[in-house]
Amino acid sequence: MGDKKLEFSSSQKTSLISGYVSVGVGAVYLIMSLALPRAAVGMPQAPKVFPVGLSVIMLGLGAALVIQQYLAALQKAKSGASPAAGKQSAAKAKAKEKGKLEDHTKKIILTVANGVLYALLFSPIGYVLSTIVFLGLELLLFSGRKRWKMILTVSLVFSIFVYVLFSSVLGVYLPRMPILGL
Amino acid sequence: MESFMLLMDGFTVALQPMNLLWVTIGGVLGTIIGMLPGLGPATGVAVLLPLTFTMGPVAALITMAGVYYGAMFGGSRASILLNTPGDGAAVAATFDGYPMARQGRAEAALAISAIASFIGGTVATIVMVFVSVPVARFAIKFGAAEYFQLYVFALAATASLTKGNRIKGFISMIIGLMIATIGIDPQSGIKRFTFGLLELQSGIDFLVVIIAVFALGEVFKSFQNITEGKLNIQKKFGKIWISREEWKRCVWPIIRSTPIGFFVGALPGAGGTMASLIAYNNERQLSKHPEEFGNGAIEGLAAPEAANNASSVGAMIPMLTLGIPGSGTTAVMMGALMILGLKPGPLLFQQQPEIVWGLIASMFIGNIILAVVNIPMAGGLVRILAVPPKILYPIILGLSFVGAYAISFSVMDFYFLLAFGVLGYIMEKAKIPSSPLILAVIVGNSMEQSFRRAFVISDGTLGIFFKSPICIIFFALTVISIGYPLLKSALVKLKERSR
């Protein structure tokens, strides 16, 4: 073996990353657990025991996942299966996949940003208006500006319908428009 | 006999016109969500939960039951007509359901799926009436140590039974337990992992986590093919029914698959997915013409559908009697019960029998109404699928936000919802299963508290966890549920090597 570099398939790479992240999460959580204050009542260490146990298990699991990937890669290297076969066409498909993935990730990031905006607007301008903005932007993201009539209709109807449903039929209070004192 | 009287009382409440209206509304809405590709009963119940927040307990439960069954019917509808199962449990329905639809036998496929689901669900509910009371009576003797061992077993089984890499199942479980430790520790009053945020002191509501993972996470995943235009779907149907011959082929498969589904569903962690796959494989092995399976064999659709519905009823048993949800959907149902101020577990049967029996009665009625509504309405409801997903998914997002807000009226939950939605999506990408996380978030607190209570009782020794026979049995089950799959894969490897 020695200098020969181990090759990981893409799913093994994902697992490797998951393993490292788990070890990281376990470590951070362990440090935070140990830093917890002592309990004033009962056994002083009692609030720490369970979290510390969790972090130790997490560290073990993360390490096991990493080791598992290395062992699998080692075994493959030994048996001499070359992952290079059919690499070219695979690379092409991969590039296509990647373009799709990037677009997908962009949409998720934009949706999360839209959700944050929704949270910021919700309390000051109330349920109906903030929901029209949120839903409008979300629909815009997928349908484009040309469908503005549909976007406007759907977000208006949804917001007002849900508001009326919750406040009058179900009796769940949703903020109306606090900024104007309503 | 007493149970029977209580069940009858449950029926009188569940049969009130208003409740019948709710179960129908819940059923139709659930069907719509269930039909959407990628969204199943867990998402349906999670998203529609806020509808029930201000209802009385029985009305809320019957609405939930309607949503639940509706989403299951909707899921198999999508499996049959579009080959897009809503969740894992509906996958087996695509094997023969979709080929049947392609051969122009969509009517028979839709009808047998509704009939098999109805029989599976109803028979399982009858069995449940007899099983749940003894289980609850038995569980009432459990002390803190027994409960701790039970939680460990339920979590270990869930993590171990998930498909794919088992280590990842356990990682998911630990993440869930970590989330559950956030907030003020009820025994000592110490703030744990709150990062100085006031909103984190009361912990993160597990319903927010559930809505985030099941609704947001799934919708994020669906963004990939959201712009792929309209779905090509059959909208005109003949009479939705089956012939006498088709019925004859299906009777035995349905009867055989129902107990399989019920039993698998009652196990912690093994849900409808496993039940329906086992039933399907079982029928293929028993069949005289196994070559027809996968090419539109009607019993290949009837068997998994019956097993799926039976398992959804079976999963209610550990949830109601022990407070341990065996599947994603029962986890959400348990959340719904807790929102109503009820604590599922053996005491529920003693203190509020009317609720338990009301729920069981609702399940009977939900099952009947959904079967009645679904067969004639199949053609109409399917048209909703003609509304493009790029409009439907943003609406699901809107419903998730209003649902999360209605739980505790805090905008902070919006941020948690987004954060856990992203976490759910990333986990999905990394092939880390989400169900162990959900179960852990729900039972995490009780698990730690029972651990510490047992510890105090025993003056700080671990012996108490292995003292009673019940403890030892649960411990043995934990060892088996972790060890058996390991052993099995080791044996498979040995066999391969010897070849």
Legend entry - Whole-Å distance, taken between Cα centres, linking the range B:306-321 and the range A:11-66: 34
Inset, instruction - Could you order peptides B:293-304, B:144-155, A:50-61 by the average number of other Cβ atoms within 10 Å of their residues, highest first? - result: B:293-304, B:144-155, A:50-61
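Given a Förster radius of 60 Å and the C-beta distance between A:Ile179 and B:Gln350 as r, what FRET efficiency does 1/(1 + (r/R0)^6) yield to the nearest 0.05?
Numbers: r = 50 Å, r/R0 = 0.84.
Once the sixth-power term is evaluated, E becomes 0.75.
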Inset, instruction - Give me the number: length gained by fully extending A:Val21 to A:Leu71, i.e. 0.36 nm times residue separation minus the C-alpha to C-alpha distance, one decimal in nm. - result: 16.1 nm
Legend entry - Distant-in-sequence amide H partners of A:Val172 (H built 1.01 Å from N, under 5 Å): A:Ser167
Inset, instruction - Using only alpha carbons, build the gyration tensor for the range A:106-180 and give me the equivalent ellipsoid semi-axes, biggest first, whole Å. - result: 23, 15, 10
Inset, instruction - Sort A:Lys48, B:Lys239 so that the residue with the fewest other Cβ atoms within 10 Å of its own Cβ comes first and the one with the most comes last. - result: B:Lys239, A:Lys48
Inset, instruction - Using only the C-alpha atoms of the protein assembly as shown, find the volume of their convex hull and express it per residue in Å³. - result: 189
Inset, instruction - For chain B, count all C-alpha to C-alpha pairs, find those more than 31 Å apart, and express that count as a whole percent of the total. - result: 43
Inset, instruction - Could you tally the net charge around B:Arg453, taking each other residue with its Cβ under 14 Å from the Cβ of B:Arg453, Lys/Arg +1 and Asp/Glu -1? - result: -3
Inset, instruction - Would you mind counting up the charge near B:Ile375? Only other residues with Cβ under 14 Å from its Cβ, with Lys and Arg at +1 and Asp and Glu at -1. - result: 0
Legend entry - the range B:398-499: Cα Rg divided by the 2.2 N^0.38 Å rule of thumb: 1.64
Inset, instruction - Go ahead and estimate [θ] at 222 nm for chain B from helices alone: -39,500 (n - 2.57) per DSSP H run with n ≥ 4, summed, over the residue count, rounded to 500. - result: -24000 deg cm²/dmol
Legend entry - Alpha-carbon Rg/Rh ratio, for the range B:126-203, with Rh computed the Kirkwood way: 1.11
Inset, instruction - Would you mind checking the pairs B:Lys431/B:Lys488; B:Lys163/B:Lys288; B:Lys191/B:Lys467; A:Lys78/B:Lys429; A:Lys107/A:Lys146; B:Lys141/B:Lys467 and listing those with alpha carbons more than 26 angstrom apart? - result: B:Lys163/B:Lys288; B:Lys191/B:Lys467; A:Lys78/B:Lys429
Legend entry - Pairs of alpha carbons in the range A:10-85 whose separation is greater than 13 Å (percent): 70
Inset, instruction - Round to the nearest 0.05 the FRET efficiency obtained for B:Arg497 and B:Leu21 when R0 = 60 Å and r is the Cβ-Cβ distance. - result: 0.45
Legend entry - Test item: Cα-centred dipole of the protein assembly as shown, Lys/Arg +1 and Asp/Glu -1 on Cβ, debye: 2120
Legend entry - Ratio Rg/Rh [Cα only; Rh per Kirkwood] for the range B:387-434: 1.06
Inset, instruction - For the range A:106-180, calculate the relative contact order in percent as a whole number, restricting contacts to Cα pairs under 8 Å that are 6 or more residues apart. - result: 40
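Rule-based calculations on the coordinates, nothing more; no lab input. All figures in this text were calculated on a predicted structure; none of them were measured in a lab. Virtual Cβ from ideal backbone geometry, glycine too; neighbours counted across all protein chains shown.
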